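Below is one structure, written out as structure tokens; the observations come after it.
The values are calculated or read from the model by the stated rules, or taken from the named source; none is laboratory data. Source: prediction; values computed, not measured. Don't worry about glycine lacking a Cβ; one is built from the backbone with ideal geometry, like all the others, and counts go over all protein chains shown. In case anyone asks, the SASA skips ligands and DNA or RNA and just uses the protein heavy atoms, side chains included. Shrake-Rupley method; radii C 1.70, N 1.55, O 1.52, S 1.80 Å.
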Amino acid sequence: MIPLTQKEIEILRELAQRYMECAMQPRQKELEKLWIAHNTGNGQRPMVLIDQIPWHEMDVDGSLQCQIQDPYWQQVECELRRRLYQAKYMPADMLLPPYLLIPRILKDPDFRAMGIKIQEDIAKTDAANDVISHSYINQFETMEDLEKIKPTCLRADKEKEAVAMQEAKRIFEGIAPVYWQGVSLHSGVWDTISQWIGVEECYFMLMDEPELLHAIMERVTQYMLELIRQGNEDGLFDVASSLCHCSHTITQPFGTGMEDRPGISQNSWTFGMAQLFTSVSPETTYEFELSYVKRIFEQFGNVYYGCCEKLDDRLDLIAQLPNVRKVSCSPWSDPERFASNLPSHLIMSNKPNPALVGAGSLDASKAEMEKTIAAARRHNLRLEMILKDNSSVHYHPERLWEFSRMALELVEG
């Protein structure tokens with residue numbers, strides 16, 4: 001790490017002070033109670049969040065400009081700046097834990113790559129945007145190619161972490177407690193495999209080379225289980241942020257039992273998905289996805305399942321997965337069909353269409369949310385609406401601000 005200057009320390013302390021002032025506001029206590037009720041089965045109203053924001057388009061007042069040179073502490077600075085910006089302009093139902101989080105330092109930050117370097121062609125329309133188009137090149141032709149998948153490690157770099165935590169406590173002394181931002185494990189293994197093979201090629205292989213895909217899934221599953229074992233030994237999993245896949249997961253007041261809650265998978269959440277399986281049958285989804293990932297999900301206390309795929313016709317299978325608590329209702333789902341098929345003990349985690357907010361009609365977005373709220377109410381479901389995958393608002397950040405205001409009016413009214 002690059003040693004922090006006194007000015008950089010003062011920047012971090014000032015940001016942390018402002019963050020804690022926001023986190024201790026009365027509204028945050030109200031939201032904490034609402035989210036706990038929502039997540040424990042006694043939801044009082046639909047909840048709203050905004051995530052995956054095109055931050056390169058947001059800086060209307062200079063407050064997002066990072067000033068710290070060291071990459072690690074710049075991460076901490078950046079996160080504080082973003083949370084403060086969001087609290088000011090587009091808070092929706094965002095919770096701010098009344099403590100500070102610093103990221104874990106891993107020996108292998110790229111552990112999910114499993115030794116494979118992605119081969120791809122990319123295309124950009126905005127050089128400042130990290131959302132780009134990919135065309136992946138298949139690296140799996142025969143069973144021998146399985147040897148390309150290598151064991152990786154999910155281990156903490158304990159020496160570097162000791163230094164970082166000591167420094168964090170020194171920097172933020174007198175302002176806030178400091179905890180680790182643990183690993184929220186991405187268990188959507190098909191997101192990884194599709195980058196090794198290509199989405200279209202995966203579809204062909206499902207029909208022409210199913211044995212090879214099964215072999216890949218078995219090896220990846222075994223390696224994921226080993227990563228979980230290692231992460232448990234080092235206590236790496238997230239138990240402090242109360243976030244998983246853009247959704248708040250809090251079930252008890254912030255800080256309760258923090259010192260006695262080890263960062264093991266049974267105390268944590270994971271999230272899974274198989275987005276390309278939207279275009280295959282429920283039976284194929286079970287054969288090539290669910291029958292494998294259920295072994296991963298057994299290791300965790302809680303699971304969020306789904307992302308952009310349409311799950312309306314396979315919710316009965318999703319509901320059988322171990323420890324599933326929330327299920328994604330994507331913009332491609334029919335809210336009424338989804339709500340009618342989702343078991344009532346699960347949370348309907350709806351994704352409003354980001355295209356309507358980014359470049360379409362906010363009135364259409366409002367009508368879409370009204371339809372979703374009505375469907376959830378008819379079927380007595382707990383509902384959350386998470387606007388995510390916001391790759392662009394065409395440099396009009398006020399569209400997100402207006403969505404936040406509009407959505408809160410809907411759910412509070």
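Cβ-Cβ distances below 7 Å connect the following pairs, each with a first residue in region 361-378 that is under 17 Å from Asp312 (Cα atoms) and in contact (Cβ under 8 Å) with a residue 60 or more places away in the chain, a second residue that is open to solvent by 30 Å² or more (accessible area, probe 1.4 Å) and assigned to a helix (DSSP H, G or I), and a separation of six or more residues or different chains: Ile373/Leu410. Restricted to region 92-121, and to residues there that are over 22 Å from the mean Cα position of the chain (by Cα) and outside any loop (DSSP other than H, G, I, E, B), the residue that is surrounded by the fewest Cβ atoms within 10 Å (Cβ to Cβ) is Asp121.
Within region 249-273, the set of residues being open to solvent by 10 Å² or more (accessible area, probe 1.4 Å), in contact (Cβ under 8 Å) with a residue 60 or more places away in the chain and closer than 23 Å to Lys33 by Cβ comprises Thr249, Thr251, Gln252, Pro253, Phe254, Gly255, Met258, Trp269. Considering only residues that are modelled with pLDDT of 95 or more and in contact with a strand residue (DSSP E or B) (Cβ under 8 Å, 6 or more places away or on another chain), which ones fall in region 21-51? The answer is Leu34, Trp35, His38, Asn39, Pro46, Met47, Val48, Leu49, Ile50, Asp51.
Selection of region 308-360 for residues being charged (D, E, K, R) and within 16 Å of Cys244 (Cβ to Cβ) yields Arg325, Lys326, Lys351. Would you point out the residue of region 127-149, among those that are surrounded by 13 or more Cβ atoms within 10 Å (Cβ to Cβ) and within 24 Å of the chain's Cα centre (by Cα), that is nearest to Pro71 (Cα to Cα)? The qualifying residue nearest to Pro71 (Cα to Cα) is Asn129. Considering only residues in region 48-91 that are small (Gly, Ala, Ser) and farther than 26 Å from Gly413 by Cβ, the one that is surrounded by the fewest Cβ atoms within 10 Å (Cβ to Cβ) turns out to be Gly62. Every listed requirement among (1) at pLDDT below 95; (2) touching a helix residue (DSSP H, G or I) at 6+ places or on another chain (Cβ under 9 Å) is met by Ile132 save one, (2).
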